[in-house]
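Peer 1: The following block contains the structure, expressed as structure tokens.
The values are calculated or read from the model by the stated rules, or taken from the named source; none is laboratory data. This structure is a prediction, so every number in the text was calculated from the model and none was measured. Here the Cβ positions follow ideal geometry from the backbone for every residue, glycine too, while neighbour counts run over all protein chains shown. Remember, those area values only see protein heavy atoms, side chains included, never the ligands or the DNA or RNA. Shrake-Rupley method; radii C 1.70, N 1.55, O 1.52, S 1.80 Å.
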Amino acid sequence: MPASSNIHEVAQSVAPEARVVYVDHDPIVLCHARALLISAPEGRTDFIEADLRQPLAILSGAVRTLDFGRPVAVILTAILHLIQDDEEPYQLVRQLVGALAPGSYVVISHAAGDIGNGDMASMASRLNELMAQQTVPRAREQVAGFFARLDLVEPGLVRVPEWRPATAIDAKGPAQMWAGVALKLALKP
Ligand SMILES: C[S@@+](CC[C@H](N)C(=O)[O-])C[C@H]1O[C@@H](n2cnc3c(N)ncnc32)[C@H](O)[C@@H]1O
């Protein structure tokens, strides 16, 4: 559900002409998004109802708004842990990354299976008993796999609150999620 500050608000506060495409597979989320995520007049927002497991459908919808000849940022926050191992999460990220021009960025945050005392793993297994959509916490090394052939920018793949915190106190926040931002130059072999 939209909650300030949304991506286009952050991007357009720096570059008012920024274009942002939101994607979700839930029509109710998109209904709220269309009502609330209004672009600055110089830029543009668009909304695609699509499943992340079908990245080519996302890309073909996004070209209506984004110029894939220029750098684009793909932001996959708190979503990849909803893609099961047998749904080819690494392949779908590869397909999205493959469509990006050099100079593009990929942002990922992901529930961690290996931070703390297994709290996230036990929360996920309790949630999974109650919810249709299953959460798959992954270990740091598995999350690093999503950034294969990309260049992680500083400080690398760290707990969410440790990614460029405003203060030392913020960095100690309890979040049990990994986060990283990577730059696509030419793809490494
Ligand atoms: C935890 S929220 C994260 C939302 C947003 N990325 C953020 O960081 O605030 C997960 C969202 O992903 C959507 N979602 C879950 N599985 C999806 C899928 N396979 N394809 C597209 N959207 C999906 C849900 O409807 C929900 O809105």
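Peer 1: Each residue of region 148-165 in order: what ³J(HN,Hα) in whole Hz does its phi give by Karplus 6.51 cos²θ - 1.76 cosθ + 1.60, θ = phi - 60°, with x for Gly and Pro?
Peer 2: Values per residue, Gly and Pro as x: 3, 6, 10, 9, 5, 8, 4, x, x, 8, 9, 4, 3, x, 8, 7, 6, x Hz.
Peer 1: D for region 26-73, whole µm²/s, Stokes-Einstein with Kirkwood Rh over alpha-carbon pairs at 37 °C and 0.692 mPa s: what number? Don't skip to the answer; put the middle values down first.
Peer 2: Details: Rh = 12.1 Å.
My calculation gives 272 µm²/s for D.
Peer 1: Once amide H atoms are built 1.01 Å from N in the peptide plane, which residues 5 or more positions from Gln134, or in another chain, come under 5 Å H to H?
Peer 2: Residues meeting the amide H criterion: none.
Peer 1: Relative contact order for region 74-189: what is it in percent, counting Cα pairs under 8 Å that are at least 6 residues apart? Kindly include the intermediate steps, with their values, before the conclusion.
Peer 2: Numbers: 186 pairs, mean separation 37.8, N = 116.
Over region 74-189, the number comes to 33 percent.
Peer 1: To continue, here is another question. Residue farthest toward the positive end of the dipole of the chain, with Cβ of Lys/Arg at +1 and Asp/Glu at -1: which of Ser125, Pro174, Val63?
Peer 2: Value computed over the given set: Val63.
Peer 1: So, one more: Suppose R0 equals 30 Å; then what is the FRET efficiency for Ser122 and Ile169 from their Cβ-Cβ distance, rounded to the nearest 0.05? Could you put the intermediate results ahead of the total?
Peer 2: Numbers: r = 27 Å, r/R0 = 0.89.
E between Ser122 and Ile169, to the nearest 0.05, is 0.65.
Peer 1: Counting only the heavy atoms of the protein chains, how much of Arg34 is accessible to a 1.4 Å probe, in Å² to the nearest 10?
Peer 2: Spelled out: Arg34, probe radius 1.4 Å, area about 120 Å².
Peer 1: According to the square roots a ≥ b ≥ c of the eigenvalues of the Cα gyration tensor, what is the shape class of the chain, taking rounded for a/c under 1.5, prolate for a/b larger than b/c otherwise, and oblate for the remainder?
Peer 2: Values: a/c = 1.37, a/b = 1.29, b/c = 1.06.
Verdict is rounded for the chain.
Peer 1: Order the following by accessible area, largest value first: Leu82, Leu56, Leu92. Probe radius 1.4 Å; ligands, DNA and RNA are ignored. Mind showing how you got there, number by number?
Peer 2: Working: Leu82 40, Leu56 110, Leu92 5 Å².
Putting Leu82, Leu56, Leu92 in descending order of accessible area: Leu56, Leu82, Leu92.
Peer 1: A further question follows. Mind listing the long-range amide H neighbours of Val23? Cut-off is under 5 Å, sequence gap 5 or more, other chains count too, H placed in the peptide plane at 1.01 Å from N.
Peer 2: Under 5 Å from the amide H of Val23: Ile48.
Peer 1: Now for a different question. Ignoring ligands, DNA and RNA, how do His32, His110 rank by accessible area with a 1.4 Å probe, largest first?
Peer 2: On the way: His32 80, His110 0 Å².
The ordering from most to least exposed comes out as His32, His110.
Peer 1: Could you report the accessible area of Met177 in Å², rounded to 10, computed with a 1.4 Å probe on the protein chains as they sit in the structure?
Peer 2: 40
Peer 1: Sticking with this structure for a sec: What distance in nm separates the simple spin-label points at Glu154 and Glu129, each placed 7 Å from Cα in the Cβ direction?
Peer 2: 4.6
Peer 1: Can you give me the C-alpha center-to-center distance between region 24-47 and region 1-19, rounded to a whole angstrom?
Peer 2: Cα centroid to Cα centroid, the span is 11 Å.
Peer 1: Based on the alpha-carbon gyration tensor of region 132-182, what equivalent-ellipsoid semi-axes (square roots of 5 times the eigenvalues) come out, in whole Å, largest first?
Peer 2: Numbers: eigenvalues 83, 59, 10 Å².
For region 132-182, the semi-axes come out at 20, 17, 7 Å.
Peer 1: Report, in deg cm²/dmol and to the nearest 500, the calculated mean residue ellipticity at 222 nm for the chain, where each DSSP H run with n ≥ 4 adds -39500 (n - 2.57) and the sum is divided by the residue count. All intermediate terms of the calculation are to be shown ahead of the outcome.
Peer 2: Numbers: 7 runs with 57 residues, N = 189.
Helix-only estimate at 222 nm: -8000 deg cm²/dmol.
Peer 1: Regarding region 1-42, what whole-number volume in Å³ per residue does the convex hull of its Cα atoms give? Kindly include the intermediate steps, with their values, before the conclusion.
Peer 2: On the way: hull volume 2.4 nm³, N = 42.
Here the figure is 57 Å³ per residue.
Peer 1: Compute the distance in nm between two label points, each set 7 Å from the Cα along the Cα-to-Cβ direction, one at Gln91 and one at Val107.
Peer 2: With each label point 7 Å from Cα toward Cβ, the separation is 2.8 nm.
Peer 1: Next up: Amide H neighbours of Thr45 under 5 Å, counting only residues 5+ apart in sequence or on other chains, H built in-plane at 1.01 Å?
Peer 2: Here the answer is Val20, Ser39, since their amide H atoms fall under 5 Å of that of Thr45.
Peer 1: Using protein chains only and a probe of 1.4 angstrom, how many square angstrom of Tyr105 are accessible, to the nearest 10?
Peer 2: Approximately 90 Å² of Tyr105 is accessible to the 1.4 Å probe.
Peer 1: Further, regarding this structure: Using the alpha-carbon centroid of each, what span in Å lies between region 56-118 and region 119-172?
Peer 2: 14
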